[in-house]
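Undergrad: Have a look at this one.
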Amino acid sequence: MIRIEALIDSGKPELNLTLPFNDRTKSRLRTHLDSGEEAGLFLPRGTVLRAGQLLRDDLNRVIQVCAAEEPVSVGRADSHRLFARACYHLGNRHVPLQVGNRWLRYQPDNVLDEMLIQLGLTVSQQLLPFEPEAGAYGGGHSHHHD
């Protein structure tokens, strides 16, 4: 099993590592490269891998991170106001959210789907890469609840 321990800023990718979002949030993970080669991730705690990032393995090869297609709910709004309301309500629930031009993606949840439909969005289930927002300060959820 190869070891992947470093994020790097540049290099020519030799291999790909395609993972769904939940696996890209794990700093310790036993997985497989797209080539089928077994790999272990040993990254700094709190690392969230993003599509396009580069890693280096213990054989000094450059590996590019890819976002796997996975089940997502896609909400589409007819107006910017409706879109903003939907983002507000999902953000209030701390839902990882990918935001586009009057569309949003989140991990499937029937309760959230119904809420968005009641707000007036159209919601569909699709198989797409999921790359949610990193958070206002470049990280994830960081405030505390009392």
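The values are calculated or read from the model by the stated rules, or taken from the named source; none is laboratory data. Keep in mind that what you see is a predicted model, and the values were worked out from it rather than measured. Every residue, glycine among them, receives a Cβ derived from its backbone with ideal geometry; neighbour counts consider all protein chains shown.
Undergrad: I need the full set of residues from region 18-64 which are closer than 15 Å to Phe130 by Cα and either among the hydrophobic types (A, V, I, L, M, F, W, C) or in the same structural domain as Pro96 (by TED's automatic domain parsing) (or both), in order please.
TA: Leu19, Phe21, Val48, Leu49, Ala51
Undergrad: Please indicate, with yes or no, whether at least one residue in region 121-141 is within 23 Å of Ser10 (Cβ to Cβ), out of contact with any Leu (no Cβ under 9 Å at 6 or more places or on another chain), at pLDDT 95 or above and not in a loop (DSSP other than H, G, I, E, B).
TA: Looking through region 121-141, at least one residue is within 23 Å of Ser10 (Cβ to Cβ), out of contact with any Leu (no Cβ under 9 Å at 6 or more places or on another chain), at pLDDT 95 or above and not in a loop (DSSP other than H, G, I, E, B).
Undergrad: Could you list all residues from region 20-32 that are part of a loop (DSSP other than H, G, I, E, B) and hydroxyl-bearing (Ser, Thr, Tyr)?
TA: Result: Thr25, Ser27.
Undergrad: Taking region 89-111, which residues are out of contact with any helix residue (DSSP H, G or I) (no Cβ under 9 Å at 6 or more places or on another chain) and of a type in the set (Ser, Thr, Tyr)?
TA: Listed by number, the list is empty, since nothing qualifies.
Undergrad: Among the residues in region 23-44, are any modelled with pLDDT under 95 and loosely packed, with under 14 Cβ neighbours inside 10 Å?
TA: Yes: one or more hits.
Undergrad: All but one of (1) loosely packed, with under 14 Cβ neighbours inside 10 Å; (2) under 16 Å from the mean Cα position of the chain (by Cα) hold for Gln125; which doesn't?
TA: Against the list (1) loosely packed, with under 14 Cβ neighbours inside 10 Å; (2) under 16 Å from the mean Cα position of the chain (by Cα), Gln125 comes up short only on (2).
Undergrad: Does His94 meet the test of being at positive phi and assigned by TED's automatic domain parsing to the domain that holds Thr122?
TA: Judged against the criteria, His94 is a match.
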